[in-house]
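Below is one structure; the comments refer to it alone.
What follows is calculated from the coordinates using simple rules that are stated; it is not laboratory data. Since the model is a prediction, treat every value here as computed from it, not as a measurement. In this analysis, Cβ positions are derived from the backbone assuming ideal geometry, glycine residues included, and neighbour counts consider all displayed protein chains.
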Amino acid sequence: MENKPLSKEIILGLSLLIGLSVLGLFINKGLKTFSDKDRVVTVKGLAEMNMTATAATISLSFSFSGDNLQGILKQTETKKNAILDYLKSKGYDKAAIQVNNIGITDHQKYYEPAWQGNQQVERKIDRYITAQSITLLSKDVKTTEDVSAQIALDLVSKDLTATMATNYSFPDLNSIKPKLIAESTKNARISGEQFANDSQASLGKIKTASQGQITIAGKYNYNEEGSVETEKPTQPYIQKARVVSTIVFFLE
């Protein structure tokens, strides 16, 4: 039996059928991809890390005021030397003590306007103010606050009152930044996977990610919005680095 060649109409019909089938597959795939783009979940990942101070200092400040500059300069020098003698008696050597330059403020006047009742009057003020500070390197960061309090009491008993302040030096933030970001991303994925499981889906790739600003604070407690709830930290030599990353995942 002789095979007849396919007519042009049949060939054209088959080509059209195949073309429509392929087009349908692409349309279906495109619609699915378009639909999947709308299936996302946005989650936040929190990461926190405590940093212990590597060094601490204690600042002792005092000042005098008066109209005789040379007189208050002499008072400042006398008090500075008395405080230095006290610190040396406590075992602090020269390497641990830094004497800062004297600051002098000159008001260039002796009176300033002030209100007394409903009337403005001229009030006498001291023309000069001298300010002196001494910085002391702490021997142990964990006991800095206690040492500062004891020094303050000792100075009061010697009539050498000074304003006390403590300062701490912490590791460079860049040294812990990669670990913080990795931890926040990990925690965000855990939250995303939980949501996906509850939605009977699986967590896909990251669509977008936004790293929150790294904040530094004392050992405070935070609520879910990130605001501070407690008061002054009980361990100021420990700081807490905190970051919240926002990540959008595809759901499959």
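Take the Cβ-Cβ distance between Asp93 and Val121 as r, set R0 to 51 Å, and report the resulting FRET efficiency rounded to the nearest 0.05.
0.45
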Fill in the blank from the handout: Projected area averaged over all directions for the convex hull of the alpha carbon atoms of the range 55-169, nm², comes out at 9.4 nm²
Problem - Ranked packing of 133-145, 82-94, most packed first, by mean Cβ within 10 Å - result: 133-145, 82-94
Fill in the blank from the handout: Here the gain from full extension of Lys109 to Ser61, 0.36 nm per residue of separation minus their alpha-carbon distance, amounts to 14.8 nm
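Any chance you could run the full-extension gain for Asn174 through Lys139? It's 0.36 nm times the residue separation minus the Cα-Cα distance, nm to one decimal.
10.0 nm
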Exercise for the section: Measure off 7 Å from each Cα along the Cα-to-Cβ vector at Ala201 and Ala149, then give the distance between these two points in nanometres to one decimal. Expected result: 5.5 nm
Problem - Karplus 3J(HN,Hα) series, Hz, for the range 47-63 with 6.51 cos²θ - 1.76 cosθ + 1.60 (x for Gly, Pro) - result: 9, 9, 8, 7, 10, 8, 4, 8, 7, 8, 10, 10, 9, 10, 10, 8, 8
